[in-house]
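The values are calculated or read from the model by the stated rules, or taken from the named source; none is laboratory data. Keep in mind it's a predicted model, so treat the numbers as computed, not measured. Cβ: placed from backbone, ideal geometry, glycine included. Neighbour counts: every protein chain shown. SASA here: full protein model, heavy atoms, side chains in, ligands and nucleic acids out. Shrake-Rupley method; radii C 1.70, N 1.55, O 1.52, S 1.80 Å.
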Amino acid sequence: MDEFEKELAEIINLGIKNNPLRLTYENEVRALRTLPDKLFTEGYSEEQIARIMHTKRRELGRQYKEAAPPLFGKYIYAATEAKYGDPLGPTFEMLNEKKSYKQIIESAARPIDDLDNRLTLEGFKEWYKSLN
């Protein structure tokens, strides 16, 4: 069994949205909710808090993409770049074109609801085929 087949079998077995690694990531994203009040108390502006939250969320995304099985992690990077033009997701500037600082702060601590529409087994298979 090659690496792709091994990873595909693991994903089929564990799922994408309910994968233990994904669940841990989502819990860490939700844990960011406690940070804005602390930062505000420390005197940070709303813009500074939005930037910090965005940076922390991108870093979590990077860490968990790197922790994913190697090929699937590359697929996640590719799918994210195809959607946003950046493998880690929207930049702060991209978000700030459409969202207020408050909305950026809130969204940084909210996992993606429609993950199953973005990352799929079929998408993983198609991405892998495109490499060959």
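Note on region 75-117: Cα-Cα pairs beyond 13 Å make up 61% of the total pair count.
Checking the cross-link pairs Lys38/Lys74; Lys56/Lys83; Lys56/Lys102 against a 23 Å limit on the alpha carbon distance flags Lys38/Lys74 as lying beyond it.
Reported to the nearest whole Å, the Cα centre-to-centre distance from region 71-132 to region 1-59 is 12. The phi torsions of region 29-46, fed into the Karplus equation with coefficients 6.51, -1.76 and 1.60 and a -60° offset, translate into couplings of 5, 4, 5, 5, 4, 7, 6, x, 4, 4, 5, 4, 4, 7, x, 6, 6, 4 Hz, rounded to whole numbers, with Gly and Pro shown as x. Could you tell me how many degrees, from 0 to 90 and to the nearest 10, lie between the Cα long axis of helix 70-84 and the main elongation axis, the longest principal axis, of the Cα atoms of the chain? In the chain, helix 70-84 runs at an angle near 50 degrees to the longest axis.
When only C-alpha pairs under 8 Å and at least 6 residues apart count, what is the relative contact order of the chain, in percent? Walk me through the intermediate numbers first.
Numbers: 100 pairs, mean separation 45.2, N = 132.
That works out to 34 percent.
From the helices alone, meaning DSSP H stretches of at least four residues, give me the mean residue ellipticity at 222 nm for the chain, per-run term -39500 (n - 2.57), in deg cm²/dmol to the nearest 500. Each step should come with its number before you reach the end.
Details: 9 runs with 98 residues, N = 132.
Value at 222 nm, helices only: -22500 deg cm²/dmol.
Normalised per residue, the accessible area of region 37-128 is 59 Å², obtained with a 1.4 Å probe and no contribution from ligands, DNA or RNA.
The fraction of accessible area contributed by carbon and sulfur in the chain is 52 percent, rounded to a whole number (1.4 Å probe; ligands and nucleic acids excluded). Projecting the Cα atoms of Val29, Phe40, Gln103 onto the charge dipole of the chain (Cβ charges, centred on the Cα centre) puts Phe40 farthest toward the positive pole. Rounded to whole Å, the principal axis extents of the Cα atoms in the chain read 55, 27, 21, largest first. The label-point distance for Ser45 and Leu131, in a model that sets each label 7 Å from Cα toward Cβ, rounds to 4.4 nm. Mean projected area of the convex hull spanned by the Cα atoms of region 2-42, taken over all viewing directions: 3.6 nm².
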